[in-house]
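**Q** Dropping a structure here in structure tokens format, bear with me for questions.
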Amino acid sequence: MNNADSLCLKSFDPGQKHGPERVALLVANILENADKCKATDVYIEPWLDKLQVCFRVDGVILPSTELPRELGPNIIARLKFLANLLSYRQDIPQEGRITQVDSLEGIEVRVSTFPTIHGERVALRLFRRENRQFILEELGLEPGVLKNLKDAIGERTGAILFTGPGGSGKTTSIYSCLSHIAKTEKTRRHIVTLEDPVEQILEGVSQTQVSPSTGFDFSLGLRSLLRQDPEVILVGEMRDPETARVAIEAALSGHLLFSTLHAGSSCGVISRLLEMGIEPYLLTSSLRLILNQRLLRKNCPKCKGNGCAACNNTGYQGRLLLLEAMVLNEEMRRAILNRADRTTLEEIFVNSGGITLVSHAIAAVKAGLTTREEVLRVLGSADCATVLFSNQGG
Ligand SMILES: [Zn+2]
């Protein structure tokens, strides 16, 4: 793979000395290059013989540049200084954020350090505050799903839950829902959020960043927030049973709730909530819609897969939202009340005409929007491979 050309730091000359100013410049350079490549993450890893810098672009890790290993401690010390971390502790993981990068307007960087046997490894996540518009109709949803979603967000109570791994576009989807409520409804609703972190500023929405390290976590934030009479609430993530319980109760008592949960599928969300101790009858009466999503890279329109300068030689450019949307029907409700397992719920979902991630992905491959390899990379289960390849002829 030779993506390095377009991603590397052209101005870096390893022959030069690396004093503090030079290190500061180098760090600024890495961030600027990451921004230019539209990277969402930067990883700086000390290896036995070098310092490897990689970028994550469209969900895929690409090597950016290799630096002399001796530079590692200086670069990491600089990042720790910018993020207010303890630079003298190299033996513990640390987390912080850089709210203002001098050379990059509107970018916030979340910094996470981790000790390895070769030295500290750093992961940087870039959040761009770019006056972006979040428009529900532009998410690329199927007409049926868009209608389900609009119906659900028009309600005054109930929960709309999203699942999918990090970087699968959940925040964009939820922000589009909140913007839709803020901008299109005639009667204004009080919309509030609890987020970690606040990724973009939304007009007409009261946003709060929780800070678990100081004890102001989702659970505490939500309990306090309910006394402020919100009507629409976003709880960034249901991480623990207490947050899930308070959130679901809020969804049953005059609030429209948006939240996310870690689970592999829409049915997995229900199983996860049951495991967290939420009573089945609370779920059947509160859940309006569950959305499970992934982002697939789209074939590059310029080179159609061969690789060109426009796509960093990857053959892909831009991404496609893959979505599984589940509305509870009567059979599903009965199954939940009987605490049916995930497999049973999944059977009911498919038998009642539910579009799964796999079936949506197959349609995208057939339409020439993406490739089988990309689907396998993102969905990556043996089941998925069987389904995809048995459909090869059709
Ligand atoms: Zn291309």
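**Q** Compute the separation of the alpha-carbon centres of the range 123-182 and the range 234-255 and state it in Å as a whole number.
**A** 18
**Q** Okay, moving on. So if we plug the beta-carbon distance of residue 339 and residue 150 into 1/(1 + (r/R0)^6) with R0 = 22 Å, what FRET efficiency do we get, rounded to 0.05? Present the calculation step by step, with values, prior to reporting the outcome.
**A** Values: r = 31 Å, r/R0 = 1.42.
So the FRET efficiency works out to roughly 0.10.
**Q** Using the C-alpha gyration tensor of the range 248-367, what are the square roots of 5 times its eigenvalues, in whole angstrom, with the largest one first?
**A** Working: eigenvalues 259, 51, 24 Å².
Its equivalent ellipsoid spans semi-axes of 36, 16, 11 Å.
**Q** Need one number for the range 319-368: average projected area of the convex hull over its C-alpha atoms, nm².
**A** Values: hull surface 15.9 nm².
Across all orientations, the range 319-368 yields a mean hull projection of 4.0 nm².
**Q** Another question, if that's okay. In nm, give the distance between the simple-model label positions of residue 377 and residue 253, each being 7 Å from the Cα along the Cα-to-Cβ direction.
**A** Going from the residue 377 label point to the residue 253 one covers 4.7 nm.
**Q** Still on this structure: Rounded to whole Hz and in sequence order, give me ³J(HN,Hα) for the range 65-71 from the Karplus expression 6.51 cos²θ - 1.76 cosθ + 1.60, θ = phi - 60°, writing x for Gly and Pro.
**A** 7, 10, 10, x, 4, 4, 6
**Q** For the range 116-125, in order, what is each residue's ³J(HN,Hα) by Karplus, 6.51 cos²θ - 1.76 cosθ + 1.60 with θ = phi - 60°, in whole Hz (x at glycine and Pro)?
**A** 10, 5, 9, x, 7, 10, 10, 10, 10, 10
**Q** Placing +1 at every Lys and Arg Cβ and -1 at every Asp and Glu Cβ, with all other atoms neutral, what dipole size does the range 136-341 have around its Cα centre, in debye to the nearest 20?
**A** Working: 23 positive and 23 negative charges, 125 e Å.
The calculated dipole for the range 136-341 is roughly 600 debye.
**Q** Please report the equivalent ellipsoid semi-axes of the range 219-317, computed as sqrt(5 x eigenvalue) of the Cα gyration tensor, largest first, in whole Å. Display every interim value, and only then the final one.
**A** Values: eigenvalues 297, 51, 26 Å².
For the range 219-317, the ellipsoid semi-axes come out as 39, 16, 11 Å.
**Q** What fraction of the DSSP beta bridges in the chain is antiparallel, stated in percent and rounded to the nearest 5? Let's see the in-between values first.
**A** Values: 43 of 66 bridges.
Looking only at bridges with both residues in the chain, the antiparallel portion is about 65 percent.
**Q** Share of antiparallel DSSP beta bridges in the range 136-341, in percent to the nearest 5? Numbers along the way, then the final one.
**A** Working: 10 of 33 bridges.
The antiparallel proportion sits near 30 percent.
**Q** Moving on to the next point. Residue separation times 0.36 nm, minus the C-alpha to C-alpha distance between residue 351 and residue 275: what's the value?
**A** Details: separation 76, 0.36 × 76 = 27.36 nm, distance 2.45 nm.
Between residue 351 and residue 275, full extension yields an extra 24.9 nm.
**Q** Can I ask one more? Which residues in the range 143-181 place their backbone N less than 17 Å from a point set 7 Å from the Cα of residue 228 along the Cα-to-Cβ direction?
**A** Those under the cut-off are 178-179.
**Q** With no solvent and one equal point scatterer placed on each C-alpha of the range 85-167, evaluate the Debye formula and give log10 I(q)/I(0) for q = 0.12, 0.20, 0.21, 0.26 Å⁻¹, two decimals.
**A** With one equal scatterer per Cα and no solvent, log10 I(q)/I(0) is -0.65, -0.99, -1.04, -1.25.
**Q** Give the span of the range 136-341's Cα atoms along each principal axis, as three whole-Å numbers ordered largest to smallest.
**A** Between the extreme Cα coordinates on each principal axis of the range 136-341 lie 54, 39, 38 Å.
**Q** Let me ask something additional. Evaluate the Kirkwood expression for the hydrodynamic radius of the range 4-128, namely the inverse of the mean inverse distance over all pairs of different C-alpha atoms, and round to one decimal in Å.
**A** Values: mean 1/r = 0.0694 Å⁻¹.
By the Kirkwood definition, the hydrodynamic radius is 14.4 Å.
**Q** Scan around residue 58 for amide H atoms under 5 Å from its own, H built in the peptide plane at 1.01 Å from N, and keep only partners 5 or more places away or cross-chain.
**A** Placed amide hydrogens put 40 under 5 Å from residue 58.
**Q** Follow-up. Just subtract the alpha-carbon distance of residue 114 and residue 214 from 0.36 nm times their residue separation and send over the number in nm, one decimal.
**A** 33.9 nm
**Q** Suppose a student asked you for the relative contact order of the chain, using Cα pairs under 8 Å spaced at least 6 residues apart; what percent would you report? Numbers along the way, then the final one.
**A** On the way: 689 pairs, mean separation 46.6, N = 394.
The value is 12 percent.
**Q** Report Rg/Rh for the range 91-240, rounded to two decimals, where Rg is the Cα radius of gyration and Rh the Kirkwood radius. If you can, show how the numbers build up before the last one.
**A** Numbers: Rg = 17.4 Å, Rh = 17.4 Å.
On the Cα set of the range 91-240, Rg over Rh gives 1.00.
**Q** What is the set of long-range amide H partners of residue 316 at a cut-off below 5 Å, with H atoms built 1.01 Å from backbone N?
**A** Amide H neighbours of residue 316: 300.
**Q** For the chain, what percent of Cα pairs sit more than 27 Å apart?
**A** On the way: 43404 of 77421 pairs.
Every Cα pair in the chain considered, those over 27 Å come to 56 percent.
**Q** Each residue of the range 304-320 in turn: what ³J(HN,Hα) in whole Hz from Karplus with 6.51, -1.76, 1.60 and θ = phi - 60°, glycine and Pro shown as x?
**A** Those phi angles translate into 6, x, 7, x, 8, 5, 5, 10, 6, 6, 9, x, 10, 8, x, 9, 10 Hz.
Each reported figure results from applying straightforward, stated rules to the coordinates on display, with no laboratory input. Predicted model only: the values in this text are computed from it and were never measured. Because the Cβ atoms are built from the backbone with ideal geometry, glycine has one as well, and the counts that use them run over all protein chains shown.
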